[in-house]
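Input: a single structure, listed below in structure tokens.
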Amino acid sequence: MTEEENRIDAARLRRNAYHREWNRRNADKRKLYRRPRSKEAKAKNAAYTREWSKRNIERVAARKKLYYIKNKERHLAKCKERRNLKRVELLAYHREYRKRNPEKVNEYFRNYYAKNKERMLARSKERRRLDPAIALRRLESSRRYYAANSDKHQALISKRRAMVRGASDGTFTAKQWKEMKAAYDNRCVYCLNVFERLTQDHVIPVSKGGAHAASNIVPACKSCNCKKNVAPWTPQLRIEIAA
Ligand SMILES: [Zn+2]
């Protein structure tokens, strides 16, 4: 590109910028002054510009570069904003998708883990090495989770234990246990005393094929639950809980 062409382009860019700014500040006047242009005239103009651009590829590239350098910060800020917006949208979309298809997502992660187990373990090990506080944070978070979901967790553990011992059914839920304790006013069915902590006692022991279900569970204090294993014990109180 010659010096002359450079000078012309720089002047044109300045003029364009001035017009842009003027138009922005005088939107109402602009409407008034603008000559309506026909479709044909617009097309002709566009065709000329296309033709000119083809003949002056270098000049177009140089102008673009100059424009980019001058507006770099504005351009990058805009890109970043657009990216952030996209990310927020995408996160919301993923959250919604997970909610609607929990099985699909779980299966996907199970498969992914099976395929990439080694790589994932190595990566988390490396992360822990770089930031020892991670392990502590993770411990804190799981502690918080169990504190908030202790009933559910407890229900899962006792169900697993019952199934391992040969229970015929494992439908007892945390919600039922909560309802049961409330229905019995937190009393042990054997000694009828009130306890803050009660254990789930199977009327027909799971080892004898009893079910881990509301129909076969009663609240008992720890001491009565232990004694029962030595001698048969009859509940002094039975209240039906919805299955
Ligand atoms: Zn008791």
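Read-outs: derived from the displayed coordinates by stated rules, not from any lab. Since the model is a prediction, treat every value here as computed from it, not as a measurement. A quick note on method: Cβ atoms are made from the backbone with ideal geometry, for glycine too, and the neighbour counts reach across all protein chains shown.
The Cα atoms of the range 1-134 cover 65, 38, 31 Å along the three principal axes, with the biggest extent listed first.
Net length available on complete extension from residue 122 to residue 28 is 27.5 nm, with 0.36 nm assigned per residue and the Cα-Cα distance removed. Annotation: extensible slack from residue 2 through residue 74 equals 23.0 nm (criterion: 0.36 nm per residue apart, minus Cα-Cα distance).
Cys residues of the chain that find no other Cys beta carbon under 4.7 Å: 79, 191, 224, 226. Other residues within the sphere of radius under 15 Å centred on the Cβ of residue 132, judged by their own Cβ, net out at +3 (K and R +1, D and E -1). The Cα atoms of the chain cover 109, 48, 30 Å along the three principal axes, with the biggest extent listed first.
From the helices alone, meaning DSSP H stretches of at least four residues, give me the mean residue ellipticity at 222 nm for the chain, per-run term -39500 (n - 2.57), in deg cm²/dmol to the nearest 500. Let's see the in-between values first.
Values: 10 runs with 167 residues, N = 243.
Estimated from H runs of four or more residues: -23000 deg cm²/dmol.
Calculated on the Cα set of the range 159-222, radius of gyration then Dmax: 11.4, 31 Å. Here residue 65 is the anchor, and the lysines within straight C-alpha reach of less than 21 Å, apart from those fewer than 8 places off in the same chain, are 54, 78, 80. Quick one: angle between helix 39-55 and the longest Cα principal axis of the chain, in degrees between 0 and 90, rounded to 10, please. Between helix and principal axis, roughly 90 degrees. Placing a pseudo-label 7 Å from each Cα along the Cα-to-Cβ vector at residue 146 and residue 240 gives an inter-label distance of 3.8 nm. Given +1 at the Cβ of Lys and Arg, -1 at the Cβ of Asp and Glu and no other charges, the dipole of the chain around its Cα centre is 2080 debye to the nearest 20. Neighbours of residue 173, meaning other residues whose beta-carbon lies under 11 angstrom from its beta-carbon, give a summed charge of +2 when Lys and Arg score +1 and Asp and Glu score -1. Mind giving me the FRET efficiency for residue 85 and residue 112? R0 is 22 Å, r the Cβ-Cβ distance, nearest 0.05 is fine. Efficiency computed from Cβ-Cβ geometry: 0.20.
First check a/c for the range 98-145, with a ≥ b ≥ c the square roots of the eigenvalues of its C-alpha gyration tensor; if it is under 1.5, answer rounded, and if not, answer prolate when a/b is larger than b/c or oblate otherwise. Don't skip to the answer; put the middle values down first.
Working: a/c = 3.80, a/b = 1.39, b/c = 2.73.
Judged from the Cα gyration tensor, the range 98-145 comes out oblate (a/c at least 1.5, b/c at or above a/b).
For the chain, modelled as a GNM whose springs connect Cα atoms under 10 angstrom apart, the maximal fluctuation among 165, 25, 128 occurs at 25. Of the peptides 105-115, 57-67, the ranking by mean beta-carbon count within 10 Å, highest at the top, reads 57-67, 105-115. Positive-end ranking of 226, 189, 173 along the dipole of the range 151-227, with charges on Cβ about the Cα centre, is headed by 226.
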